[in-house]
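Have a look at the structure below before the remarks.
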Amino acid sequence: MLAQLRRAIVLSLVAIVLFGVGYPLVGTGISQLLFNHQANGSLVKGGSALVGQSWTSPDWFHGRPDADNPLLLNGKPGSSGAANLGPRSETLVRQTRKLIAYWHSQGVDPTTDLVTTSASGYDPDITPADAVAEIPMVSRATGLSSARLRQLIRTQTQGPEFGFLGPSYINVLQLNQALKALESRLR
Amino acid sequence: MGHFLITCLVLVVVLGLAWRFLGEYLVAVYSGRAKWFAFAELPIYRVLGVSDGEEQSWQRYSVSLIIFSGVSILATYLILRLQPGLPFNPQHLAAVSPALSWNTAVSFVTNTNWQNYAGETTMSYFSQMVALQVQQFISAAVGIAVAIALIRGFARHGEQTIGNFWVDTVRGSLYVLLPIAFLAGLIFVAQGAVQTLSGPALVRDSLNGVTQLIPLGPVGFMEAIKQLGTNGGGFYNTNSAVPFENPTALTDFLSIALVLAIPVALTYTFGKMVGSVRQGIALLAAMVVIFGIWTSFTAFAEAQPNPAVAAAGLTHQPTGNMEGKEVRFGSLNSALFGVASTQTSTGSADSAYDSFNPMGGFGLLTGMMLGEVTPGGAGSGLYTILLDAIVAVFIGGLMIGRTPEYLGKKIQATEVKLASLGVLIMPITVLVLAGIATALPVGRAGAFNSGPHGFTEILYALTSQGNNNGSAFGGLNGNTVFYNVVGGIDMLIGRFGIMLPVLALAGALAAKQVVPASAGTFRTDNQMFVVLLLGVIVIVGGLTFFPAVSLGPLVEQLSHGRFF
């Protein structure tokens, strides 16, 4: 009994050294060396390519309507989080109605992703179809023709990975940065 | 749809390779043939005081396991409580509350990884690495060790021992989990998972005026062992939905493959060690049938429109139910991920299961209720389906009026009692606790959604913890003293209430002599046996839980036009 207790304590310590310290620290070292950009959050100018932001002005393409930006600065980072509303939730019906009305007020006939919230709370992507649906809003606000915006969306479309994994998607931050570049080129 | 079928086909190929080669490798590891890590392994035995070839009876094996798990729970609990005084806490997070520390410690030691907290705002990097990630290795290794001990029970005859707990645990974590997790961790990081010890990054976007403080951490390598060890406990609150945990469709696929690899491979290991690969294939066939049906069913359900979104005016939802899902995964891959994570004992999530359509949620919930044997958790899947197999053999024996045998061992009163105990303890625990939670105001207060969905949240939570899964309908507010304490009890019974009968069974079987097969022997490597086994799995899981499920997702599905 006591011998087993001693073994249990010793093995716990060994495990802490190997799997709690050695494994993650060696991993961090190699990651920082080989994949520095990714390991530090894929930070680009204006944010992270992997963290969605809230876009409210019609000058820009909007991402998923994740209720509020969970990472807005209040001294501490907030946590990721889904709305968790069930498929027969009255609240979800009400909120979706509001979102549909909002999009109509912007001249947009919304697609599914534009009226549903994501699981992480900061989905960085939309589908090409979502972006195309937003063209009337962005075109009116920026004065760019829908043909030009369509072209922009095509160049920004990524995936499916290896031709079959997951849907096609567009990174909203990169799309808007490309939009900004297009605007300054035309001016 | 076509893409999804290709994804499934590629998954089958990848798992086929894992079955054959990882399965063979596991045989080499647990028979002691693999020696390439001896330079690290032998010194560990020296400090443990384990001598070469030391074997344990099932009683001694169990005592070692219980004491080790007790020490692990205590160590994890203490680290969480002492968090503010420990290093690697760039956000200066406070100590975790006693009730939550208890629940979390039990959760990670039992391979459950139920999380009543948001990782990025509760756990320091030290707690994530040294308290939680360590248990993700150890609990998986312990699970596999118990499965191997049971296999030895079948493979040995006339012996009093079933292996050595310390050796099995060390070998599993060193030879199997560590190298595979390390390689997978590199892939996760290369794809975009973060892996750093620096604190949150402050970013400003001049285009929209948004300021963000982005939580970072040592995530990518935790992600690898989280999936490979069928643990499921993520660094961030919404788990594999967060791009820093699961950045691309490739890592999503890798996650699914990692989750299924060891449980599937163990059926090969089993067949090889008992001397007939066909015996393992029979178990695998039952697993594949149920997994295939549940995947099709759940993916079909999620390809349907979300009823609430439709009622709000958007009836055309060509990409399916996207509420609570990430664009880069889509509804079909999210459904596959959900099935893989609930039918193993993983519980990781790349989408909000709470927002699945009623029948999608039904698919996930019932996947756990079947006892997580298709293919089940690392080790736990194999030893639990072997209990089902013994019950199946017993029923088959009753039908033809012969003393049942399984793999040459006579299945007698002791074995049937132990197997029945192991099979029934989970449904009893889950249903009793779910009943208590629903009856008490403190239990009902946890539900976030109203109507039948709220009941499903409670049932799902206790089913998940009782099966050591850790998957959640995330709306439930589980961080209360009631749910923390009850959940901890649920997880302990779900883990050790099955492991101990399994080890006793291993001991009883190892002591038996082999009965030569005769013309009257009921075969356990053909279709008839697979059908019988499927019957046991579905009847034990399905019928036991049917009344409860009918009050949750079934009522919700049938409430056309009603919203709560």
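The values are calculated or read from the model by the stated rules, or taken from the named source; none is laboratory data. Predicted, not measured: the structure shown is a model, and the values here were computed from it. Positions of Cβ are backbone-derived with ideal geometry, glycine not excepted, and every protein chain shown enters the neighbour counts. Surface areas here come from the heavy atoms of the whole protein model, side chains and all, with no ligands, DNA or RNA. Shrake-Rupley method; radii C 1.70, N 1.55, O 1.52, S 1.80 Å.
Remarks
- Here A:THR157 and B:VAL289 are evaluated by their C-beta separation; at R0 = 35 Å the FRET efficiency comes out at 0.35.
- Projected onto planes of every orientation and averaged, the convex hull of the alpha-carbon atoms in chain B covers 26.0 nm².
- Placed amide H near B:GLU159: partners under 5 Å, 5+ positions off or other chain: B:ALA511, B:LYS512
- The lysines within cross-link reach of B:LYS272, meaning a Cα-to-Cα straight distance under 24 Å and a gap of 8 or more places when in the same chain, are B:LYS35, B:LYS409, B:LYS410, B:LYS512.
- Heavy-atom accessible area, 1.4 Å probe, ligands and nucleic acids excluded: residues of the range B:237-270 down by at least 40 Å² from chain alone: B:THR238, B:PRO243, B:PHE244, B:ALA249, B:LEU250
- Dipole magnitude of the protein assembly as shown about its Cα centre (Cβ charges: Lys, Arg +1; Asp, Glu -1), debye to nearest 20: 680
- Note on chain A: with neighbouring protein chains present and a 1.4 Å probe, carbon and sulfur make up 60 percent of its accessible heavy-atom surface.
- C-alpha long axis of helix B:38-48 to longest principal axis of chain B, angle in °: 80
- Dipole axis of the range B:251-331 (+1 Lys, Arg; -1 Asp, Glu on Cβ), positive-most option in B:ALA301, B:LEU314, B:THR269: B:THR269
- Dipole moment magnitude, nearest 20 debye, the range A:44-186 about Cα centre, only Lys, Arg, Asp, Glu C-beta charged: 240
- Label sites at A:SER168 and B:ALA517, each approximated as a point 7 angstrom past Cα along Cα to Cβ, lie 5.5 nm apart.
- Electrostatic bookkeeping for A:GLN38 treats Lys and Arg as +1 and Asp and Glu as -1; over the other residues with beta carbon under 13 Å from its beta carbon, the sum is -2.
- Between A:ILE9 and B:GLU24, the modelled labels are 4.4 nm apart [label points 7 Å from Cα along Cα→Cβ].
- Relative contact order, whole percent, for the range A:44-186 stands at 28, derived from Cα pairs under 8 Å and 6 or more residues apart.
- Taking a straight line from the alpha carbon of A:LYS180, these lysines sit under 25 Å away, with near neighbours fewer than eight places off in the same chain left out: A:LYS45.
- Solvent exposure of the protein assembly as shown amounts to 34 Å² per residue of accessible area, where only protein heavy atoms count and the probe is 1.4 Å.
- Inter-probe distance in nm under a simple model that places probes 7 Å from Cα toward Cβ, at A:TYR102 and B:PHE546: 4.6
- Cα centroid separation, the range B:67-136 to the range B:448-498 (Å): 19
- Quarter the surface of the alpha carbon convex hull of the range B:71-171 and you get the mean projected area, 7.2 square nanometres.
- Excluding ligands, DNA and RNA and using a 1.4 Å probe, chains A and B jointly bury around 8600 Å² of accessible surface, summed across both partners.
- Inter-centroid distance (Cα atoms) of the range A:118-143 relative to the range A:27-68, Å: 17
- Annotation: extensible slack from B:SER31 through B:THR403 equals 130.8 nm (criterion: 0.36 nm per residue apart, minus Cα-Cα distance).
- Full-stretch length increase - B:ARG204, B:GLU54 - with 0.36 nm per residue and alpha-carbon distance subtracted: 47.9 nm
- The charge dipole of chain B, taken about its Cα centre with unit charges on the Cβ of Lys, Arg, Asp and Glu (plus for the first two, minus for the last two), comes to roughly 1000 debye.
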